[in-house]
Amino acid sequence: MAARWTKASPWVLAGVLGGMGVLHFAAPKPFVAIVPRVLPEPELLVAASGVAELACAALVAIPRTRTLGGAAAAALFVSVFPANIQMAVDSSLPETRKPRWYQAIAWGRLPLQVPLVMWALSVRRRKSA
């Protein structure tokens, strides 16, 4: 079972990245809302991160570019972390308070960024599917 997961892992990561990249264009509002307010042009940043996710998905899916794709995906996961922090903070502020279940998800997903980075780095080390 572990061998099957290891073999499928690059494809699953490519699917996750590709799906999120498409969502950035199909439903950008939630992504725009979590861009840290100190950054300019949130709509442009959301579009750029969507393009980056789609590019990483393609790079990870192709065995010859998997090393670059895994490294790029890890860097992408690190670069979007401030937006995840913004989402968590906003969920708890009095003026933007969300339901407790939403707050739990927003705060609970922060530590999940570490396994995502580790997953991308492990895929980076795999050159063939």
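Restricting attention to region 78-113, the residues being β-branched (Val, Ile, Thr) and loosely packed, with under 12 Cβ neighbours inside 10 Å number 1.
There is at least one residue in region 114-127 that is within 12 Å of the chain's Cα centre (by Cα) and surrounded by fewer than 14 Cβ atoms within 10 Å (Cβ to Cβ). For Leu59, are the conditions met, namely being touching a residue at least 40 places away in the same chain (Cβ under 8 Å), surrounded by 18 or more Cβ atoms within 10 Å (Cβ to Cβ) and among the hydrophobic types (A, V, I, L, M, F, W, C)? Considered against the rule, which asks whether it is touching a residue at least 40 places away in the same chain (Cβ under 8 Å), surrounded by 18 or more Cβ atoms within 10 Å (Cβ to Cβ) and among the hydrophobic types (A, V, I, L, M, F, W, C), Leu59 comes out as no. Cβ separations smaller than 8 Å between residues 6+ apart or across chains give the following pairs from region 31-48 residues that are part of a helix (DSSP H, G or I) to residues that are among the charged types (D, E, K, R): Val32/Glu43; Ala33/Asp90; Ile34/Asp90. One residue stands out in region 7-56 among those that are among the charged types (D, E, K, R) and surrounded by fewer than 16 Cβ atoms within 10 Å (Cβ to Cβ): the one that is modelled with the lowest pLDDT, namely Lys7.
Matching residues to (1) closer than 18 Å to Val22 by Cβ; (2) modelled with pLDDT of 95 or more; (3) basic (Lys, Arg):
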residue	(1), (2), (3)
Leu59	yes, yes, no
Lys98	no, no, yes
Pro115	no, no, no
Arg124	no, no, yes
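Counting only helices (runs of 4 or more DSSP H) wholly contained in region 75-129, the ones carrying 1 or more residues that are touching a residue at least 24 places away in the same chain (Cβ under 8 Å) and touching a Lys or Arg at 6+ places or on another chain (Cβ under 9 Å) occupy 81-92, 113-124. Counting residues in region 63-72 that are in a helix (DSSP H, G or I) and within 23 Å of Leu39 (Cβ to Cβ) gives one or more.
The values are calculated or read from the model by the stated rules, or taken from the named source; none is laboratory data. Given the structure is predicted, the values throughout are model-derived calculations rather than measurements. No Cβ is skipped: glycine too gets one built from the backbone with ideal geometry, and neighbour counts run over all protein chains shown.
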